Amino acid sequence: MCKVSICIPAYNSVETVRTLLKSIKIQTYKDYEIIITDDSSTYEVQEYITGLGCDKIKYYRNEEQLGATKNCNAAMCRASGEYIKMMHHDDWFTDCDSLKKFVGMLDDNADVEIAFSGTNQVCGKRSTSRCIADDKIRALQKNCKTLYDGNWIGAPSATIIRNNGYLFDPNLKWLVDVELYIRILRQNPNFIFTKEPLVSIGVDDTQLSRSCEYDRKLQAKEYKYVLKKYKFYRYIDCIYMCLKIWVLYLKARILHLN
């Protein structure tokens, strides 16, 4: 069994997969396997992976398209490593020691289930650093419900978790990463992080997150779902957040009807 399973849910983007795999190849930490579950409508990713002939890569093409959340789960279910390092296909490791630093956070903190880092948000030639603010750290240490107000941890590529059977909730698209973080931290509230941008996040208008960002109906539905799932209706701030999202949805619907 390897130490880390790097899980890559791929979809129709051989160029970004190539960039990600190049960033993995140069990592100084080598005790890993790469799990690629391919949800593509073409065979370009499969042909590229086959041509590499890399023993560390375990490639699986989905018999039918699963969608983003289930494709992530398909990769995680096949992970044999002690740790799971999710990497979306359009993200990459920032430097050669990134994976070593991720692994070190869990190795050095046996009492945590999740570790996360800062990120570089990259759109074309523009790059912006992002990391959790100090006040959000304090709030998260007190109660994981603070994530209901905003994803202060970041995208799944910014995290590493212990391989203890965690999967994404298939009922979600927009709050899918937030819900997983809440679930992990409810079981074990301890976490470790670095503000160093260990990963770079590709930002593109064609991404699923972009389409969800403007789907007020989807957001309203998912905020209600998470509110009920974790009984966050016991907290005034969570009720207010859910109502705010629903007001935005209703306004958007009225404008559309007019």
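The values are calculated or read from the model by the stated rules, or taken from the named source; none is laboratory data. Source: prediction; values computed, not measured. Note that each Cβ is placed from the backbone with ideal geometry, even for glycine, and that neighbours are counted across all protein chains shown. Calculation scope for accessible area: heavy atoms of the full protein, side chains included, ligands and nucleic acids excluded. Shrake-Rupley method; radii C 1.70, N 1.55, O 1.52, S 1.80 Å.
Exactly one of these conditions fails for A155: (1) modelled with pLDDT under 95; (2) under 19 Å from the mean Cα position of the chain (by Cα). Give me its number.
With (1) modelled with pLDDT under 95; (2) under 19 Å from the mean Cα position of the chain (by Cα) applied to A155, the lone miss is (1).
Can you tell me which residues in segment 95-135 are touching a residue at least 60 places away in the same chain (Cβ under 8 Å), touching a strand residue (DSSP E or B) at 6+ places or on another chain (Cβ under 7 Å) and loosely packed, with under 13 Cβ neighbours inside 10 Å?
The answer is S129, and nothing else.
Please go through segment 1-47 and give me each residue that is surrounded by fewer than 17 Cβ atoms within 10 Å (Cβ to Cβ) and aliphatic (A, V, I, L, M), ordered by number.
Those that are surrounded by fewer than 17 Cβ atoms within 10 Å (Cβ to Cβ) and aliphatic (A, V, I, L, M): M1, I26.
Pick out the one residue from L185, L147, L198, L140 that is under 24 Å from Y249 (Cα atoms) and of a type in the set (A, V, I, L, M).
Only one candidate qualifies: L147.
Within segment 2-52, how many residues are on the phi < 0 side of the Ramachandran plot and assigned to a loop (DSSP other than H, G, I, E, B)?
The number of residues fulfilling the criteria is 15.
Determine the pairs where a residue that is under 29 Å from L243 (Cα atoms) and open to solvent by less than 50 Å² (accessible area, probe 1.4 Å), located within segment 148-176, has a partner that is assigned to a loop (DSSP other than H, G, I, E, B) and aromatic (F, W, Y) with Cβ atoms under 9 Å apart, the partner being 6 or more residues away or on another chain.
Y148/Y230; Y148/Y235; P156/F168; V176/F168
Just to be sure I understand the filter: pairs with C-beta atoms under 6 Å, separated by 6 or more residues or on different chains, first member in segment 218-231 and touching a residue at least 12 places away in the same chain (Cβ under 8 Å) and surrounded by 18 or more Cβ atoms within 10 Å (Cβ to Cβ), second member part of a helix (DSSP H, G or I) and acidic (D, E). Which pairs pass?
Partner pairs satisfying both residue conditions: V226/E179.
Does at least one position in segment 103-117 carry a residue that is in a strand (DSSP E or B) and not small (G, A, S)?
Yes, that holds for at least one residue.
Take the conditions among the hydrophobic types (A, V, I, L, M, F, W, C), at pLDDT 95 or above and under 18 Å from C7 (Cα atoms) and apply them to L99. Does it pass?
When the stated conditions are applied, L99 passes them.
In segment 183-201, which residue that is in a helix (DSSP H, G or I) and under 29 Å from S23 (Cβ atoms) is most open to solvent (accessible area, probe 1.4 Å)?
R183
Can you pull out every residue in segment 206-243 that is at pLDDT 95 or above and either among the acidic types (D, E) or more than 23 Å from D169 (Cα to Cα) (or both)?
E222, I236, D237, Y240
Which residues, counting only those in segment 53-75, are open to solvent by less than 80 Å² (accessible area, probe 1.4 Å), farther than 15 Å from L172 by Cβ and not in a strand (DSSP E or B)?
The answer is G53, C54, K56, N62, A74, A75.
Counting just the residues of segment 232-252 that are of a type in the set (S, T, Y) and part of a helix (DSSP H, G or I), which one comes out surrounded by the most Cβ atoms within 10 Å (Cβ to Cβ)?
Among those that are of a type in the set (S, T, Y) and part of a helix (DSSP H, G or I), it is Y249.
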